[in-house]
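Only one structure is covered here, and it is reproduced in the block below.
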Amino acid sequence: MALAAVKRVVRAADGASDAEAFAFQRGAMRALMASEDVREGMTAFAERRAPRWTGR
């Protein structure tokens with residue numbers, strides 16, 4: 001999921017102005033940070049355990 005988002009940002013940034021590229025990046029980051037996997041990753045890190053990824 002995160003790698004796909006990075007690829008979308010890189011493709012969208014190609015030929016775009018800096019402002020457009022950063023705006024697209026901010027939108028992608030908002031979507032990623034709202035995902036269940038981000039919450040699971042942070043919780044697992046705090047609890048010192050391996051994360052259980054769901055892809056959501």
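The values are calculated or read from the model by the stated rules, or taken from the named source; none is laboratory data. From a predicted model like this one, the values you see are computed outputs, not experimental measurements. With ideal geometry, Cβ positions are generated from the backbone for all residues, glycine too; neighbour counts draw on all protein chains shown. Keep in mind that these areas ignore ligands, DNA and RNA; they rest on the heavy atoms of the full protein, side chains included. Shrake-Rupley method; radii C 1.70, N 1.55, O 1.52, S 1.80 Å.
Report which label in (i) 3.5; (ii) 4.0; (iii) 5.5 holds the value of mean projected area of the Cα convex hull in nm² derived from the coordinates of this structure.
Given (i) 3.5; (ii) 4.0; (iii) 5.5, the structure-derived one carries the label (ii).
Taking a probe of 1.4 Å, how large is the accessible area per residue of the chain, in Å²?
For the chain, the solvent-accessible area averages 80 Å² per residue.
Per-residue ellipticity at 222 nm for the chain, helices alone: DSSP H runs ≥ 4 residues times -39500 (n - 2.57), over residue total, nearest 500 deg cm²/dmol?
-22000 deg cm²/dmol
Filter the GluC sites (Glu not before Pro) in the chain to those in DSSP coil with at most 11 other Cβ atoms within 10 Å of their Cβ, and list the result.
Sites meeting the loop and neighbour criteria: Glu47.
Starting from the chain, pick out the chymotrypsin sites (Phe, Trp or Tyr not before Pro) whose DSSP state is loop and whose Cβ has at most 16 other Cβ atoms within 10 Å.
In loop regions of the chain (DSSP not H, G, I, E or B), the sparsely surrounded chymotrypsin sites (Phe, Trp or Tyr not before Pro) are Trp53.
Taking 0.36 nm per residue of sequence separation and subtracting the Cα-Cα distance, how much length would be gained by fully extending the chain between Arg39 and Ala23, in nm to one decimal?
Taking 0.36 nm per residue and subtracting the Cα distance, the gain is 3.4 nm.
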